[in-house]
Amino acid sequence: MAQLPFIVAGGGIGGLSAALGLARAGIPCRVLERAKELGEIGAGIQIGPNAFHCFDYYGVGEEARSKAVYIDQLRLMDALSGDEITHIPLDEPFRKRFRNPYAVVHRADLHGVLLDACKANPLIELRTDHCVEGYDQDGSSVTVRLTGRDPIKGAALIGAEGLRSPIRQQMVKDGEPRVSGHTTYRSVIPTEQMPEDLRWNAATLWAGPKCHIVHYPLKGWKVFNLVVTYHRDVTEAVAGKPVSKEEVRQGFEHISPRAQSIIEHGNDWKLWVLCDRDPITEWIDGRVVLLGDAAHPMMQYFAQGACMAMEDGVCLSHMMEKFGGDVDKAFVAYRDQRVVRTARVQLGSRLIGDYIYHADGAKALVRNAAMKAKSAEDWYDQLSWLYGGTGLDA
Ligand SMILES: Cc1cc2nc3c(=O)[nH]c(=O)nc-3n(C[C@H](O)[C@H](O)[C@H](O)COP(=O)(O)OP(=O)(O)OC[C@H]3O[C@@H](n4cnc5c(N)ncnc54)[C@H](O)[C@@H]3O)c2cc1C
């Protein structure tokens, strides 16, 4: 009898990474994606050096590198005074230390690189318009239940369907995600529309009380990615809702005019209300395992959710190889290696949201003083636990 494939639920960055990794380990995979087409939203994403190790592992290093913009700095501005607080240089010493660069890339380009590699791989089958509802298992295989379709059988199941994963719900039963109350508005504008004196080759963060703004160039400097966030204490989750510029502007009257002006240059704003979940250790149910946002959804403040999903795929496939295809042992080793690292990013993202991104009053003064005092080497030491990872280590 032919080998049953592994089923991967979800064709986002996490699901495609898992499929590429498993195929590298010689395991056939079937990716089931709910949407009618595989793709990503039109916005940017930051990718740390840890993600570049993953690209190389998946055999897409060259293609991914060709799509990226290599920024010089992570720059932190005080949104109230308009002054720079500090910057982390991303030049040669950074690259040498972490054996890879830090970059920014358009999400569709990044997803496209992974998708092309999946399409070219005879061990990977991609199916769209397949909405996963749940699973049943018998100890040697898993049967995936789908909306309006016949069930599909696989050797194992990877739940990579993001924040609202039905597989996680069946496994963990932890209900709706935590609504952070943070509203994030995104816009991508032609570079000519960005004020000339703000066209920095940096991922820039303007941090202010209850709010922040992020911008960086994308697509070979053809466009700028704008992300504007305000902690409005909203209680309902929203994803990608078109909103007016007036709505985005609300609450930013207190920050410096230069920072405020960034909002004026954006158009076609879309709103997300950010959600995350508390870290958990229950990632496995027999031959079913969670990966990416389904396992560890986080606030975006370390800019690492997609990087962690890519690392997960590396680790999972590495463990499948290491344990000679023994699913039970590989899943446990994968979970044991990934839980602490991803939980640290989940919890740390909440903390830096509070203490760095949205600090006010004395908290902001402490932030500025502490961050100004750091040298580039201090920063590299402090971030080495994160950027020094490859997915193959803890
Ligand atoms: C504002 C913002 C900025 C961010 N910035 C960064 C950044 O700079 N760097 C970074 O690394 N990360 C960043 N992230 C996080 C990153 O976007 C996510 O962590 C990452 O996309 C997770 O990938 P995933 O594949 O696990 O989940 P998803 O991207 O959510 O993909 C899940 C896939 O599963 C599909 N699906 C859903 N339900 C089903 C179902 N029932 N059946 C089948 N398929 C289904 C979906 O259609 C989707 O294709 C940011 C997030 C936000 C919100």
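Each value in this text was obtained by applying a stated rule to the coordinates, not by laboratory testing. In this text, all values refer to a predicted model and were calculated from it rather than measured experimentally. Quick reminder, even Gly has a Cβ in these numbers, built from the backbone with ideal geometry, and neighbours come from all protein chains shown.
Highest mean first, the peptides 135-141, 12-18, 215-221, 109-115 sorted by other C-beta atoms within 10 Å per residue fall in the order 12-18, 109-115, 215-221, 135-141. As a rough guide to protection, the peptides 355-365, 334-344, 203-213 ranked by mean Cβ packing within 10 Å, highest first, stand as 203-213, 334-344, 355-365. When the P(r) of the stretch 244-311 is calculated, the portion above 19 Å amounts to 56% of the C-alpha pairs.
Which entries in the list Lys173/Lys322; Lys222/Lys372; Lys173/Lys270; Lys96/Lys119; Lys222/Lys270 go over 22 Å, if you measure between the two C-alpha atoms of each? In this structure, Lys173/Lys322; Lys222/Lys372; Lys173/Lys270; Lys96/Lys119 lie more than 22 Å apart at Cα. Under 5 Å from the amide H of Ile71 lie the amide H atoms of Val104, each residue being 5 or more positions distant or on a separate chain, with H modelled from the backbone and absent for Pro and chain starts.
In the stretch 247-273, whose amide N lies under 17 Å from the spot 7 Å out along Cα-to-Cβ of Val238? List them in ranges. So the set is 247-252, 267-273. Judged by the mean number of other Cβ atoms found within 10 Å, the most tightly packed of the peptides 256-263, 28-35 leads the ranking 28-35, 256-263. Here is the size of the stretch 154-193 from its Cα atoms: Rg then Dmax, 17.2, 52 Å.
Each Lys or Arg adds one and each Asp or Glu takes one away; over the other residues whose Cβ falls under 9 Å from the Cβ of Val105, this sums to +2. Relative to the globular-protein estimate of 2.2 N^0.38 Å, the Cα radius of gyration of the chain stands at 0.98. Residues considered: Glu321, Glu264, Glu253. Largest GNM mean-square fluctuation over the chain, using C-alpha springs under 10 Å, is found at Glu253.
Taking the stretch 72-115 and a reference point 7 angstrom along Cα→Cβ of Arg258, the backbone N atoms nearer than 15 Å belong to 75-87. Rounded to the nearest 5, the antiparallel percentage of DSSP beta bridges internal to the chain is 70%.
Taking the convex hull of the alpha carbon positions in the stretch 321-392 and averaging its projected area over all directions gives 6.0 nm².
The Cβ shell under 15 Å around Cys275 holds other residues with a net charge of -1, Lys and Arg each +1, Asp and Glu each -1.
Considering only Gln193, Val243, Ile284, and ranking their Cα positions along the charge dipole of the stretch 142-291 that arises from unit charges at the beta-carbon of Lys, Arg, Asp and Glu, the one farthest toward the positive end is Ile284.
Residues whose amide H comes within less than 5 Å of that of Val8, counting only those at least five positions distant or on another chain, are Arg30, Val31, Leu32, Ile158 (H built at 1.01 Å from N in the peptide plane).
With K and R counted +1 and D and E -1, the other residues having a Cβ less than 14 Å from that of Gly39 yield a net charge of -2. Based on C-alpha pairs under 8 angstrom that are at least 6 apart in sequence, the chain has a relative contact order of 22 percent.
P(r) tail, the stretch 267-374: Cα-Cα pairs separated by more than 23 Å, 42% of all pairs. Both radii are taken from the alpha-carbon atoms of the stretch 175-297; with Rh as the Kirkwood radius, Rg/Rh is 1.06.
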